[in-house]
Amino acid sequence: MTRLRTALTELLGVRVPLLNAPMTPQAGGALARAVAEAGAFGMLGFDEDEPAESIAAQAMIVRTAGLPFGIGLAAWVLDRRPHLLELAIEMQPRLISISFGDPGPYVERLHAAGILVASQVQSRAWARVALDAGVDVLVAQGTEAGGHTGAVGTLPLLQLVLTMTDRPVLASGGIATGRGVAAVLAAGAAGAWVGTPFLLAAESRTPAEAQAQIIASDETQTILTSVYDRAQGKAWPPEFRGRALRNPFVEHWHEREDELMRTPAALEEFAQAKRERDYRRAHIYAGQSVGTLSAVTPARFHSSPLATQNSRTRSGGEIGCRGGRESGSLRHPRQRYAAAVASLRPCRHRPRHLSGASMPRRAGLGCRPSPPARRSSQRASMRPRRARLGCASHTAPLTPGRDTASMRPRRARLGWLAFSGFVLREFSALQ
C-alpha cells in the first residue's frame, strides 16, 4: 500500500490523513480501534452524561491494542465536569480535541502532559480563539457536518482558515468518499475529519434502528436545528445547532422551540421515543453526506479511501511517485497538488486507461496536455493564450521540492489549483 504523507500523518504517525469524528456516543473504543488498525487515526467521543467508568472502559479497548488514539471533548461540558479532563489525560491519548468553546484554559495542562490539542472551528472568530489558545491542529468544520456545527460551508471556511495559520488544518463536513478526501487535500487541508459515514460502521455504537433510517435517507433530508437540545435540556451554546435527519417531530417544532418547552406532552412524547428508539420522533444527528451511504460496512472501508485508490496507480513510493521514485514529504498544498498531477501523468508504469490519451483536452482553466515528444517551445505555443492561471505542460515533471512557481506566470499565484478538476476526476476513476 502506498503512503500519502501530509503534515497530519507526520504529526500523528499514521498512514492515512483521516480521523473519525468523536461522535457522541457512537465513536466508542471498537470504532476508534478499527479506524486506527486501518491506518487512520481513531477518535473517542462520549456523551456529556456518560459515566467515568464507561469512558475508561471504552478507552481501554484502544489502549490494550497499543494503537494511537484521540478523545473529543466539548468546552462547555468541561466547564460543567472539569474532572473529565484529568480522566482523559489518564487515558494517555496522543490527541485531545476541545471544541465548541474556548480551549485556552486547558491547552497548557495538556501540553504539559505531552498531549496534542485540536479544536473544531466554525468561523474566523472561533479560528482566532483556537490559535490564540495555542492549539496544534485546527479543524475547519463546515455546516454540512452532522451533529453540532456552525453556518459556514466547508470549502469557504477551509480556505479562510488556511490563510490564518501555518499549523495543520483539517477539513470537516460533507466528506464521505475518496473523492471528498482528495478534494480537501487539493484545497490545502492536511487531512479529513469524517463523521457521518462512520455512523454506518459495524464497529460504531449506532443503534441498528438508526442505521436503517440513515440508509433510507438522502442528502436533502437533514435540518440544522436546536429542537433536540432544548427538548433534552442540554446546554449547548445557541450558535451551535445540530444537523439531524428530518422527521415529523422536528418538522413540527423547528423554530418553535419556546412553544415546545411550554408543551409537556410533546416533551414526554420525545423522551418516550428516545427510549424506544422510535426515530419518527427521536433524533439522529447526521450530515449532508448521508446521501452517499447505502449499507453498514466495516470501519476500514471508510478509513483508507485514498490509500486504497493510490495503491491502484501502480507507481512505486507515494502518491507523487514517478517511475518508482520517492516523492518525499508533501507538506505544502502546492507540493501535494503537484505530486498528485505527477502521479497521474502519462507513464510507462501506469495502466493504459490512465494514459495521456484519456486526459481532458483543456483540463482545469485551459491547459492543454502536449505529446511527450514536443519541445518546450512547441508546448508553449500549443497552450491557449488565456491560460494565465493554468499550470505548466504536463510533460514537465512536477516533483515536490522543485520550484514549480518558476514554471508558471508570476501572477498565477493560484495556479496549483488550476487542474483540481482533472485531478479529482482521475482520483475518482481510481476509486
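The values are calculated or read from the model by the stated rules, or taken from the named source; none is laboratory data. The model shown is predicted, which means the values in this text are computed figures rather than measured ones. Virtual Cβ from ideal backbone geometry, glycine too; neighbours counted across all protein chains shown.
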Looking at region 79-89, can you tell me whether even one residue there is closer than 23 Å to residue 196 by Cα and out of contact with any His (no Cβ under 9 Å at 6 or more places or on another chain)? no
Exactly one of these conditions fails for residue 288: (1) more than 21 Å from residue 205 (Cβ to Cβ); (2) at pLDDT below 90; (3) in contact with a strand residue (DSSP E or B) (Cβ under 9 Å, 6 or more places away or on another chain). Give me its number. (2)
With the structure loaded, tell me whether residue 189 is crowded, with 20+ Cβ neighbours inside 10 Å, modelled with pLDDT under 95 and assigned by TED's automatic domain parsing to the domain that holds residue 12 or whether it fails that test. no
Which of the residues that make up region 214-235 are within 23 Å of the chain's Cα centre (by Cα) and either touching a residue at least 40 places away in the same chain (Cβ under 8 Å) or farther than 18 Å from residue 248 by Cα (or both)? 214, 215, 217, 218, 219, 220, 221, 222, 224
Just checking, does region 262-281 include any residue being assigned to a loop (DSSP other than H, G, I, E, B), among the aromatic types (Phe, Trp, Tyr) and either surrounded by 17 or more Cβ atoms within 10 Å (Cβ to Cβ) or not assigned by TED's automatic domain parsing to the domain that holds residue 224 (or both)? yes
Please determine whether any residue of region 169-177 is more than 17 Å from residue 118 (Cα to Cα), surrounded by fewer than 21 Cβ atoms within 10 Å (Cβ to Cβ) and modelled with pLDDT under 95. yes
Which of (1) at pLDDT 95 or above; (2) crowded, with 22+ Cβ neighbours inside 10 Å is the odd one out, the single condition residue 46 does not satisfy? (1)
Could you list, in sequence order, all residues of region 1-22 that are among the aliphatic types (A, V, I, L, M) and over 13 Å from the mean Cα position of the chain (by Cα)? 1, 4, 7, 11, 12, 14
Of the numbered conditions (1) touching a Leu at 6+ places or on another chain (Cβ under 9 Å); (2) under 27 Å from residue 137 (Cβ atoms); (3) outside the structural domain of residue 74 (by TED's automatic domain parsing), residue 238 fails exactly one; give the number of that condition. (1)
Just one of 39, 29, 13, 66 is in the same structural domain as residue 173 (by TED's automatic domain parsing) and buried (at least 20 other Cβ atoms within 10 Å of the Cβ); which is it? 29
How many residues does region 47-67 hold that are under 19 Å from residue 195 (Cβ atoms) and touching a strand residue (DSSP E or B) at 6+ places or on another chain (Cβ under 8 Å)? 3
With the requirement that a residue be within 30 Å of residue 227 (Cα to Cα), in a loop (DSSP other than H, G, I, E, B) and touching a residue at least 40 places away in the same chain (Cβ under 8 Å), what does region 121-176 give you? 122, 143, 144, 145, 146, 150, 151, 173, 174, 175, 176
Quick one: would you say residue 19 is in contact (Cβ under 8 Å) with a residue 40 or more places away in the chain and outside any loop (DSSP other than H, G, I, E, B)? yes
For region 90-111, which residues satisfy the criterion of being at pLDDT below 95 and in a loop (DSSP other than H, G, I, E, B)? 91, 92
Residues that are within 26 Å of the chain's Cα centre (by Cα) and surrounded by 14 or more Cβ atoms within 10 Å (Cβ to Cβ): does region 245-261 have at least one? yes
Residue ID - farthest from residue 102 (Cα to Cα), chosen from residues in region 127-152 that are among the aliphatic types (A, V, I, L, M) and under 14 Å from the mean Cα position of the chain (by Cα): 145
Quick check, is residue 210 outside any loop (DSSP other than H, G, I, E, B) and more than 25 Å from residue 282 (Cα to Cα)? no
Going by the structure shown, is residue 80 touching a Leu at 6+ places or on another chain (Cβ under 8 Å) and either surrounded by fewer than 19 Cβ atoms within 10 Å (Cβ to Cβ) or among the small types (Gly, Ala, Ser) (or both)? no
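Yes/no matrix, rows are residues, columns are (1) in a helix (DSSP H, G or I); (2) of a type in the set (Lys, Arg):
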| residue | (1), (2) |
| --- | --- |
| 24 | no, no |
| 33 | yes, yes |
| 42 | no, no |
| 47 | no, no |
| 57 | yes, no |
| 65 | no, no |
| 73 | no, no |
